[in-house]
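Please read the structure below before turning to the comments.
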Amino acid sequence: MKKKTWVIVSVLGILLGLLGVSGLVVSDDDDEHEGRSLWRQSQLDVAPVENAFYNEECGSCHFPYQPGFLPTRSWQRMIAGLEDHFGENAELDAVDAQQLKVYLMENAADTSNYKRSQGIMRSLSKKDIPLRISTTRYFKRKHHELPERMVKNNPKVRSFSNCELCHAQAAQGSYNEHQVKVPGYAGWDD
Amino acid sequence: MITRIGMIAAVSLIVPLVSLAAVVDEQQATYRASGAGPFNAKIGEQLWQQNVMNAKDGRPRSCTTCHGRDLRSMGKHAKTGKAIKPLSPAVNAERLTSAKNIRKWFKRNCKWTWGRECTPQEKGDLLSFIQQQ
């Protein structure tokens, strides 16, 4: 009887151990472990926008998200649906829309070596066509520790879409977690 | 010599005003070509404040929702909260200087605010109003 209990306990223990190890492997994706190779460490998180037309056309209403945060197929769908752009009308004439589409597609996440772009691509299945960066699994994993009171219910932030409010260097393509400052939460650290 | 410098100074002051007026005139001429006119800034002001209930969110929308009542002040994007520079050409020299921008924003904003495109008459009245602010 005693022997049987021991066997069950050890089997359970081994199983739990295996689960623990696999859990570690799955979550082994934090900043400290990412980009171990030097050439990637020396880069920014995502390629900064160097296109004045994109900054003007898209940045006049919202933070001009770097194209490297979504795959080509997402940008294609985005440009095709500008008349209902998350509930807003963002229609452009065909020539301007085409110009933006070319820029977005040439700089999309699946064409980029930057670590956040690669992280986002790894977190998507081939069928996923996300239109919001904040719905990608990669984004969610990177922000999961933030309670609603700090973002959604924080009147100084209101939404995950306002990157630059917490990531002061966002426009330069830097999203380093050690530089994050959530408005109204000075000194907070995860 | 002094009068010549004075002339140059006067002309350089007038030039931006002329280009703004030229752009507005050109737009209003295209509206007239489709049967609209004459245009009236007072009516434009009423249109500016006219509320239309939005079918989707059940709340009233007007130009003032984002731009405010005072066109000389900053506005704020209703959804993103992003600051919108004043629409008044008197405090923001960039306003009404690009026909392309006028067309683009009338199209987007009339649809968002009133759920339809503005008529040439409405656009002409609104331009006359904005121009005077």
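No lab work stands behind these numbers, since they all come straight from the coordinates. Since the structure is predicted, the reported quantities are computational estimates derived from the model, not experimental observations. Note that each Cβ is placed from the backbone with ideal geometry, even for glycine, and that neighbours are counted across all protein chains shown.
Figures for the structure shown
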| read-out | value |
| --- | --- |
| Peptide A:154-161 - average C-beta neighbours from other chains (10 Å radius) | 1 |
| Spacing of the two label points (7 Å from each Cα toward its C-beta) at B:Lys56 and A:Arg132, in nm | 1.3 |
| Neighbourhood net charge (12 Å Cβ-Cβ; Lys/Arg +1, Asp/Glu -1) for B:Glu117 | +3 |
| Of A:Lys156/A:Lys181; A:Lys152/B:Lys85; B:Lys76/B:Lys100, those spanning more than 18 Å from alpha-carbon to alpha-carbon | A:Lys152/B:Lys85; B:Lys76/B:Lys100 |
| Rounded Å value of the spacing that divides the Cα centres of the range A:138-190 and the range B:70-94 | 26 |
| Relative contact order (percent, whole number), the range A:41-179, Cα cutoff 8 Å, 6+ residue spacing | 31 |
| Relative packing of peptides A:172-185, A:154-167 - highest average C-beta neighbours within 10 Å first | A:154-167, A:172-185 |
| Shielding of A:82-88 by partner chains, average beta-carbon count, 10 Å | 3 |
| Segment B:Arg72-B:Glu94, extension gain: residue separation times 0.36 nm, minus the distance between their alpha carbons | 6.6 nm |
| Two-site FRET efficiency, B:Gln132 against A:Ala97, from Cβ-Cβ distance with R₀ of 41 Å, rounded to 0.05 | 0.80 |
| Theoretical FRET efficiency, 1/(1+(r/R0)^6), r = Cβ-Cβ of A:Glu164 and A:Gln76, R0 22 Å, to 0.05 | 0.30 |
| Per-residue mean of C-beta atoms belonging to partner chains within 10 Å, peptide B:76-85 | 4 |
